1. Report the percentage of all Cα-Cα pairs in the chain whose separation exceeds 26 Å, rounded to a whole percent.
2. Taking the Cα centroid of the stretch 101-131 and of the stretch 153-180, what is the distance between the two, rounded to the nearest whole Å?
3. Round to the nearest 0.05 the FRET efficiency obtained for Trp210 and Ile48 when R0 = 25 Å and r is the Cβ-Cβ distance.
4. If I compute solvent accessible area with a 1.4 Å probe over the protein chains, what percent of it on the chain is carbon and sulfur?
5. Expressed in nm to one decimal, what extension gain is obtained for the pair Lys38 and Glu154 from 0.36 nm per residue of sequence separation less their Cα-Cα distance?
6. When the Kirkwood radius is taken over all Cα pairs of the stretch 65-182, what Stokes-Einstein diffusion coefficient follows at 37 °C and 0.692 mPa s, in µm²/s?
7. Once you have the Cα-Cα distance between Ala175 and Arg81, take 0.36 nm times their residue separation minus that, and quote the gain in nm to one decimal.
8. On average, how much area does the Cα convex hull of the stretch 21-70 cover when viewed from any direction, in nm²?
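The values are calculated or read from the model by the stated rules, or taken from the named source; none is laboratory data. Predicted, not measured: the structure shown is a model, and the values here were computed from it. All Cβ positions, even for glycine, are placed from backbone atoms using ideal geometry, and neighbour counts span all protein chains on display. Just the protein is used for accessible areas: all its heavy atoms, side chains included, with ligands, DNA and RNA removed. Shrake-Rupley method; radii C 1.70, N 1.55, O 1.52, S 1.80 Å.
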Amino acid sequence: GAGESSLFLLWWDLILLRVGLTGGIASGKTTVSKLLIKNGIPVIDSDIIARDLVKPGTEALSEIVVALGADVLALDGSLDRGRVGEGVFGDESSRLALENILPPRIKVEQDRWLDARESEGESSVAVVDAALMIESGGWRRFDLLVVVACCEEEQLARTLSRGGLSEEAVRARIASQIPLADKVKYADRVVDNSGTLDELTKEVEALVAWLLEKARE
């Protein structure tokens, strides 16, 4: 009856468009996230989820210490992310151990956050930002995938300008990820960040309009 159809429409309105956002080292993913938030689209950064999951006293941190050894801890008992990166980098067994500890928990938190956004019903779109979404296969869980891209030389220049890593180390990290040129093949939409911030801002505004349109489909 009429009541049933109006209930159906109400239910349909509450379905959230779940969007994955990824890129590569220094491709500009964080800047795109900030611009999305500025344009009213909620975004969660999976790196922040990961940091919360490994705070001192957490189950995940205890498991990481068992798997990788106590030298991954800083003096204050927190996780030394630099040491974890070094320990895992090029060590397949350590990398696999870490993948069994953090990604499943991150996925649970991402889904919890998305469900909360859906319940609130304040936005028809919500975005999960994660660096290794394609590498992990996690992109398949989302309705749409957006990839932020630039050329490898720009990735290199931007990362070096931040300091802290040698050119060799940066190139090794870039090489450890799927090349951006391959990541864009998975994308439903690509955000090109090879230009200025103004150009990127316009790209993100166009992305927002496209996402809202997709949410209405």
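1. Values: 10032 of 23436 pairs.
Of all Cα-Cα distances in the chain, 43 percent exceed 26 Å.
2. 29
3. Working: r = 26 Å, r/R0 = 1.03.
Approximately 0.45, to the nearest 0.05.
4. Values: 6700 of 12200 Å².
So the carbon and sulfur contribution to the accessible surface is 55 percent.
5. Values: separation 116, 0.36 × 116 = 41.76 nm, distance 2.50 nm.
Gain on extension, Lys38 to Glu154, equals 39.3 nm.
6. Numbers: Rh = 16.9 Å.
Value of D from the Cα-based Kirkwood radius: 194 µm²/s.
7. Numbers: separation 94, 0.36 × 94 = 33.84 nm, distance 1.94 nm.
Going from the current span to full extension adds 31.9 nm.
8. Numbers: hull surface 19.2 nm².
Taking a quarter of the hull surface, the average projection is 4.8 nm².
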